[in-house]
1. What pairs come out if I take residues in segment 2-29 that are of a type in the set (S, T, N, Q) and pair them with residues that are at pLDDT 95 or above and part of a loop (DSSP other than H, G, I, E, B) whose C-beta lies under 9 Å away, six or more apart or interchain?
2. Would you confirm, using the coordinates I've provided, whether G61 is surrounded by 14 or more Cβ atoms within 10 Å (Cβ to Cβ) and either in contact with a helix residue (DSSP H, G or I) (Cβ under 8 Å, 6 or more places away or on another chain) or acidic (D, E) (or both)?
3. Has segment 62-80 got at least one residue that is over 16 Å from the mean Cα position of the chain (by Cα) and either assigned to a strand (DSSP E or B) or modelled with pLDDT of 95 or more (or both)?
4. In segment 19-34, which residue that is among the aliphatic types (A, V, I, L, M) and part of a strand (DSSP E or B) is farthest from the chain's Cα centre (by Cα)?
5. Kindly provide the set of residues from segment 28-53 that are surrounded by fewer than 18 Cβ atoms within 10 Å (Cβ to Cβ), of a type in the set (D, E, K, R) and touching a strand residue (DSSP E or B) at 6+ places or on another chain (Cβ under 9 Å), ordered by number.
Amino acid sequence: MAHFIGYIKGARGEVSRFGTKASDMDARAQGWGLGGRVCIEHDSMQERDVVHVWITRGSNGGRQGDNAFYLGAFAFDDGVLTQIAAGDTFPLKD
């Protein structure tokens, strides 16, 4: 059963994709020199969803992990949005 849903819109219109707690969801949008990546996963130990956000150097930036800046991980704790990690503390998964 789907736990996550993602949308993307480009030149050929909008599409959606589903993800489960086990599969997570990974989205990227890139220009030539700047891009972004968002991964959402389910933390089963805390029973919450966690969003990880990176700024990348886009399509021209070489290997993603070498040229990405990790903005942080975010989750709702008791209804309050909380940054649970920050800086270059979480490696970019390829």
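The values are calculated or read from the model by the stated rules, or taken from the named source; none is laboratory data. The model shown is predicted, which means the values in this text are computed figures rather than measured ones. Backbone-built Cβ (ideal geometry, glycine too); neighbour counts: all protein chains shown.
1. Correct list of pairs: T20/H3; S23/H3.
2. yes
3. Yes: one or more hits.
4. So the residue we want is A29.
5. Those that are surrounded by fewer than 18 Cβ atoms within 10 Å (Cβ to Cβ), of a type in the set (D, E, K, R) and touching a strand residue (DSSP E or B) at 6+ places or on another chain (Cβ under 9 Å): R28, D43, R48, D49.
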